Amino acid sequence: MTTPQTQTPPPSPPPPLGGPPAVGPSARSPLWDRRFSLYFTARAVSLIGDAMMPVAAALAVGPLYGISGVGFVLGTWTGTFVVLVLFGGVFADRLGARRMMVGADLVRVVTQGALAAAFFVGAPPFWLLVAMSAVAGAAVAMFLPGVNGMVPLVAREPQRANATLKVADALAQLLGPALAGLLIALTGAGTVYAIDAGTFVLSALCLALIRLTPATARADAPSAAGSAARQESALRRDLRQGWQEFRSRTWMWAVILIWMGYGVLIFGPLVPLSSALISARLGADTYGLAISFLGVGTVLGGLLALRLRPARPLAAGAAAIGLFTALPLCVALGAGLPVLLAGHALAGGGLAFWSVMWATSVQTHTPPAVLNRVSAYELCGSVSGIALGQILAGPATALASPQRLLLVSAGTCLAGCAALLAIPAIRTLHRAAPPTAAEAVPGD
């Protein structure tokens, strides 16, 4: 999750909130060409597998090693990601985002396949769960920085592409958790991990088949910095350049600071705490159903983002993220099933709309030549808080009940929403046009 602050030329005048799309070549250009269709398929299929993983961890690891075990396994994955994601951004800019993404997918085929085999033969040892989580986290650190950079290469209109991908993410969140709960009940966790491994095989194949146009191929090719790889200072220089671009955008680092607090107090502890509370009160199947309704809301939020083009995307997204308060609040208060599901749907809608506004702002306000590195910095900052929150979720229950901790999460969500809207650089950031094909070619 990230947010942009502008240090770019003034954007063209945006249409009013909810107004019709701008008329022009990019507005009329087809989205579903071969490149985007392959990219969409790659992302959609792996997202379905990934959507099953939190439920699999909560329902398979939880009974074996408790809340602390779930938190530590998830925290190891996230922590490894945070440590390595900056290097993933540099390598994506040097070697090409697509190449890094294909390699990362293949690594995750191995990690998820190993865990599938371990669950099929019995209860996997805790060290194996932690080790595979660490390797998988490292692979994702090489994969995710390129996700932002690939969108402008395969789609001429980033907001439409991001919203469409968010709908796919939402459908994955709708189907994945329910499928994971059903498969664990019927066949065990091994099947879930085996399916996840299979999704990465298909994702790698689709990404490898993408053929870019000459201009976009140059944008995804190894940059000139790659020829200086033998020099000791090359990596440091690339990291420094990415940092300078990141910190020059006040809206971006301000959002990430707020998101670090969200990670520690909301997103990090949410899965371990809510899965334990909902499963104990209403059953494990209900937790999977609740996460599926989070996906329902995400679908609606993504569809809304397809239609609305706010003049100030981050301000609109900040208002929407306040809806996420409903999720920790309804779990903490022990709401009945209808209210619980509605709370998850509201939260999903708000988070999806924010995510599209954020991703589009990052992609359109950041020079393409450094987009992968800037994305790595924003990912590193925002996810670092989640890692800490996941690891501390279990120990924190010794100080306060899970219900009280989730009430703190709800209060943090409202406070963060207010902070986003109070910062002028975030509130006043205007929508920018996507880069042209010429601008998509790295200049250094």
Original post:
Along the charge dipole of the stretch 275-408, which of G349, L294, A396 sits closest to the positive end, that is, farthest toward it, with unit charges on the beta carbon of Lys, Arg, Asp and Glu (+1, +1, -1, -1)?
Top reply: G349
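Want the number for W32 to T286: 0.36 nm per residue separation, take away the alpha-carbon distance, what's left?
87.8 nm
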Original post:
About its Cα centre, how strong a charge dipole does the chain have in debye, to the nearest 20, once Lys and Arg get +1 and Asp and Glu get -1 at the Cβ?
Top reply: 780 debye
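How would R247, R98, R373, R34 line up from fewest to most surrounding beta-carbon atoms within 10 angstrom? Intermediate values should be presented prior to the final figure.
Working: R247 14, R98 23, R373 29, R34 11.
In order of increasing Cβ crowding within 10 Å: R34, R247, R98, R373.
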**OP:** Could you tell me which of V147, P125, L183 has its Cα farthest along the dipole of the stretch 67-186 towards the positive end, charges placed at Cβ (Lys, Arg +1; Asp, Glu -1), taken about the Cα centre?
**Re:** V147
**OP:** At a temperature of 37 °C and a viscosity of 0.692 mPa s, determine how fast the stretch 129-175 diffuses translationally according to Stokes-Einstein, using the Kirkwood radius over alpha-carbon pairs as Rh; express D in µm²/s, rounded to the nearest whole number.
**Re:** 264 µm²/s
**OP:** Could you bin all the Cα-Cα distances of the stretch 312-367 into 10 Å bins starting at 0 and give me the percent of pairs in each, rounded to whole numbers?
**Re:** 26, 39, 22, 11, 2
Subject >> Viscosity 1.567 mPa s, 4 °C: Kirkwood-radius Stokes-Einstein D of the stretch 123-207 over Cα pairs, µm²/s >> reply: 85 µm²/s
Original post:
Relative contact order for the chain using alpha-carbon pairs under 8 Å, separation at least 6, rounded to a whole percent?
Top reply: 31 percent
Subject >> Longest to shortest principal axis, alpha-carbon extents of the chain, angstrom >> reply: 56, 45, 39
Subject >> Proportion of all alpha-carbon pairs of the stretch 277-412 beyond 22 Å (%) >> reply: 48 percent
Original post:
Which order results if D285, D169 are arranged by neighbouring Cβ count within 10 Å, fewest first?
Top reply: D285, D169
Original post:
Stretched out fully, how many nm does the piece from L106 to F120 gain, at 0.36 nm a residue minus the Cα gap?
Top reply: 2.9 nm
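Each value in this text was obtained by applying a stated rule to the coordinates, not by laboratory testing. Model, not experiment: these values are computed from the prediction. Counting neighbours? That spans all protein chains shown, and the Cβs are built from the backbone with ideal geometry, glycine included.
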